[in-house]
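Report on the following structure.
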Amino acid sequence: MIEQCFAAAATHAAHRVVDCLAVGQSVAGGTDERVILFVKLLEGQVLTQELEKRIKTEVRARRSPRHVPARVSAHNK
């Protein structure tokens with residue numbers, strides 16, 4: 001979903017997400033879980049605060065507040 005929202009045709013070239021992976025991390029002694037989102041950006045691109053905010057907004061709008069990642073980590077290799 002995220003890679004489609006932020007593909008070259010959908011947004012500014014500097015905000016290109018090539019691929020992503022969301023994982024759940026147990027917190028509070030295993031009674032709760034938070035989402036960590038790993039995004040692969042095009043080489044030379046960086047995860048800005050603006051892009052992270054836009055990603056979280058898209059997740060909230062397309063899924064639910066529960067799915068919004070607590071952390072977004074970017075890689076471009």
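The values are calculated or read from the model by the stated rules, or taken from the named source; none is laboratory data. On a predicted model such as this, the values are computed, not experimentally measured, just so you know. Please note: Cβ atoms are built from the backbone with ideal geometry, for glycine as well, and neighbour counts cover all protein chains shown. Areas reflect the complete protein model, heavy atoms only, side chains present, ligands, DNA and RNA absent. Shrake-Rupley method; radii C 1.70, N 1.55, O 1.52, S 1.80 Å.
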When region 37-62 is examined, which residues are found to be outside any helix (DSSP H, G or I) and surrounded by 13 or more Cβ atoms within 10 Å (Cβ to Cβ)?
-> Leu37, Phe38, Val39, Lys40, Leu41, Leu42, Gln45, Leu47
Examine region 21-34 for a residue that is on the phi < 0 side of the Ramachandran plot, modelled with pLDDT of 85 or more, open to solvent by 80 Å² or more (accessible area, probe 1.4 Å) and in a loop (DSSP other than H, G, I, E, B), and state whether such a residue exists.
-> yes
